[in-house]
1. Ordering Y89, Y103 by accessible area with a probe of 1.4 Å, largest first, what comes out?
2. Can you put L95, L84 in order of accessible area, largest first, using a 1.4 Å probe?
Amino acid sequence: MAFDKIKRLIDGEEETDTIDTDVYYNTDDTKDKNNAAGNQMILVEPRAYSESQTIADHLKSKHTVVVNLKRVTAAQAKRIIDFLTGTLYAIGGDLQKVGPGIYLC
């Protein structure tokens, strides 16, 4: 393919747009399907403990969740974190504190 381009340049032919058939892209469709659900990041700012189950549902769907607990009381925040810690243990996830009252699940 490269020799054809050089030959055309030497012969003075105009170069036309051609598709480079020597380049191949290998995509693994099964990997993309498995990771498609985990690519979404969700920000949740619960206002009550009752929203913990919704957060857990996002985690079970393999979404990354950022939880901002600044809108709940300290007692409710503790209960939410306890609930999410149990959920994360069950699904093999991890909890990291990003800042004051903000957690990455």
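1. Working: Y89 195, Y103 45 Å².
Highest to lowest solvent-accessible surface, that is Y89, Y103.
2. Numbers: L95 55, L84 0 Å².
The ordering from most to least exposed comes out as L95, L84.
The values are calculated or read from the model by the stated rules, or taken from the named source; none is laboratory data. As the structure is a prediction and not an experimental result, all values here were calculated from the model. In case anyone asks, the SASA skips ligands and DNA or RNA and just uses the protein heavy atoms, side chains included. Shrake-Rupley method; radii C 1.70, N 1.55, O 1.52, S 1.80 Å.
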